[in-house]
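The values are calculated or read from the model by the stated rules, or taken from the named source; none is laboratory data. Just so we're clear, the structure is a prediction, and the values are computed from it rather than from any experiment. Counting neighbours? That spans all protein chains shown, and the Cβs are built from the backbone with ideal geometry, glycine included.
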Amino acid sequence: MTINVTELSSGLRVVSDSMEHVETVSLGAWVEVGTRDEDPEINGISHLLEHMAFKGTERRDAKAIAEEIENVGGHLNAYTSRESTAYYAKIMKDDVALAVDMIADILQHSVMDKTELAREQDVIVQEINQSFDTPDDAVFDYFQETAFPDQALGRPVLGTADLVRSMTPDTLHTYMGKHYSAPRMVFSAAGNLEHQRLIDLVEDAFDSLPAETNASVEPARYVGGDFHQTRELEQAHVLVGLEGMDFHDPDFYAASVLATLLGGGMSSRLFQEIREKRGMAYAIYAYLQCYIDGGLFGVYAGTDKSKVDELVPLIFDQIKDVAVGLTETEIARARAQIKAGILMSLESSSSRSEQLARQMMVFKQPLSIDDTIAKVAAVNEDAIKRVAERLLASTPTLTTLGPK
């Protein structure tokens, strides 16, 4: 594994991970802009912009974008999160130049055609409706809004139908010009490639990025509280949360181990107690969601409406039990699960390119695999107990969606 980083004169960072034993390359541009960069009246614009990037440029129409990449057996895709937007491709090693050119083209020369925009607004409204009709998706948006109310971080990535329909080509161009500058962008690649050739291709292709602006985001403010929506469903979807931590927090690794041993697999405490012992839920798991300046520790479960009142206290009981005492066996098992996940991800060029991009955005440099594993291995019982106590000291967030 050979990782190289180069910052171009424009401020765009290029990072690559050479994997000589594979025949493919995964690459893309990750932009440090997402839902939390949006003003209330344009909530959902980051996601709409991600869609519109594929709908035509000055050189390619939407059909040509799809055909050119698929003519060589590759694929092109994108996603939007609350803190970033990614445009990425996976291609054969001989087609790197094409992929770089296409990604640069859609990020710099999209025309935002009015007819295409109207069509894609319809598509996204359907996506919003589909998400609403999928309760185990919708409940997470309600959960996020309850934990971070009245701020961009709590708003849905997709936005609302009315807001999405209100956006114009000028709105999109203005937003792109404000946020898609070179210093806010990381071009990451992993696979069978040469770093210097990648630099040359990226430097040549990304020649029209807008100048950097002084865009800022509202600091994360975890609040917590309750939200309940009644729907005629067979099952109640329940999310319990507590204030987490950001990526730079000294307790980050201990919190990751806690989330794993509490609800990270079939051997976890929640799975064994709630599903195996009591049969109260088909799905139950815990997760840690970190941001640049805050975080959220969550537990999701789907259960019968008659079990909600019993289930929620049991979840808190399990967290409290962790604060009281742990066995070395379960700590070692959680550490091993995290270590295995890290090492297994190295076998995928897609995972490696995404990890490098995230590390460059959050930590401004790639992280050493050995150092990361060592920090996970250093997590002990005292650290996990400390994190559990810290979580329990925060205001809870409780969200349910289902039968009354």
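Observations, loosely collected:
- Residue match in the range 34-53 (condition: of a type in the set (Gly, Ala, Ser), at negative phi and without any contact (Cβ under 8 Å) to a residue 24 or more places away in the chain): no
- Taken as a whole, the structure leaves ASP207 outside the set of residues that are surrounded by 13 or more Cβ atoms within 10 Å (Cβ to Cβ), assigned to a loop (DSSP other than H, G, I, E, B) and acidic (Asp, Glu).
- Any pair with Cβ under 7 angstrom, 6 or more apart, that starts in the range 98-120 at a residue that is in a helix (DSSP H, G or I) and ends at one that is polar (S, T, N, Q) and buried (at least 20 other Cβ atoms within 10 Å of the Cβ): ASP105/THR57; ILE106/THR57
- The listed residue being closer than 30 Å to ASP317 by Cβ, crowded, with 18+ Cβ neighbours inside 10 Å and in the same structural domain as THR6 (by TED's automatic domain parsing), out of ALA189, ALA147, ALA152: ALA147
- In the set GLU328, GLU310, GLU276, only one residue is surrounded by fewer than 19 Cβ atoms within 10 Å (Cβ to Cβ), within 19 Å of SER256 (Cβ to Cβ) and not basic (Lys, Arg); that residue is GLU328.
- Pair list, Cβ under 6 Å, 6 or more apart: the range 325-353 residue closer than 19 Å to ASP370 by Cα, other residue charged (D, E, K, R): ARG352/ASP17
- Only one entry in VAL157, VAL186 is β-branched (Val, Ile, Thr), within 17 Å of VAL217 (Cα to Cα), touching an Asp or Glu at 6+ places or on another chain (Cβ under 9 Å) and touching a residue at least 24 places away in the same chain (Cβ under 8 Å), namely VAL157.
- The set of residues from the range 279-299 being assigned to a strand (DSSP E or B) and either assigned by TED's automatic domain parsing to the domain that holds GLU83 or surrounded by 19 or more Cβ atoms within 10 Å (Cβ to Cβ) (or both) comprises ALA281, ILE284, ALA286, LEU288, CYS290, GLY295, LEU296, PHE297, GLY298, VAL299.
- Condition check for GLN235: touching a residue at least 24 places away in the same chain (Cβ under 8 Å) and within 20 Å of the chain's Cα centre (by Cα): no
- As for the range 43-51, it holds at least one residue that is of a type in the set (Ser, Thr, Tyr) and within 21 Å of VAL186 (Cβ to Cβ).
- Selection of the range 221-241 for residues being hydroxyl-bearing (Ser, Thr, Tyr) and part of a strand (DSSP E or B) yields only THR230.
- The number of residues in the range 1-30 being closer than 22 Å to ALA182 by Cα and surrounded by 22 or more Cβ atoms within 10 Å (Cβ to Cβ) comes to 10.
- In summary, ILE124 fulfils each of the numbered conditions (1) in a helix (DSSP H, G or I); (2) within 22 Å of SER26 (Cβ to Cβ) with the single exception of condition (2).
- Filter result (in contact (Cβ under 8 Å) with a residue 60 or more places away in the chain, closer than 25 Å to ASP207 by Cβ and assigned to a strand (DSSP E or B)) within the range 1-16: ASN4, VAL5, THR6, ARG13, VAL14, VAL15, SER16
- Residues located in the range 54-92, provided they are in contact (Cβ under 8 Å) with a residue 60 or more places away in the chain and part of a strand (DSSP E or B): THR80, ALA86, TYR88, ALA89, LYS90, ILE91, MET92
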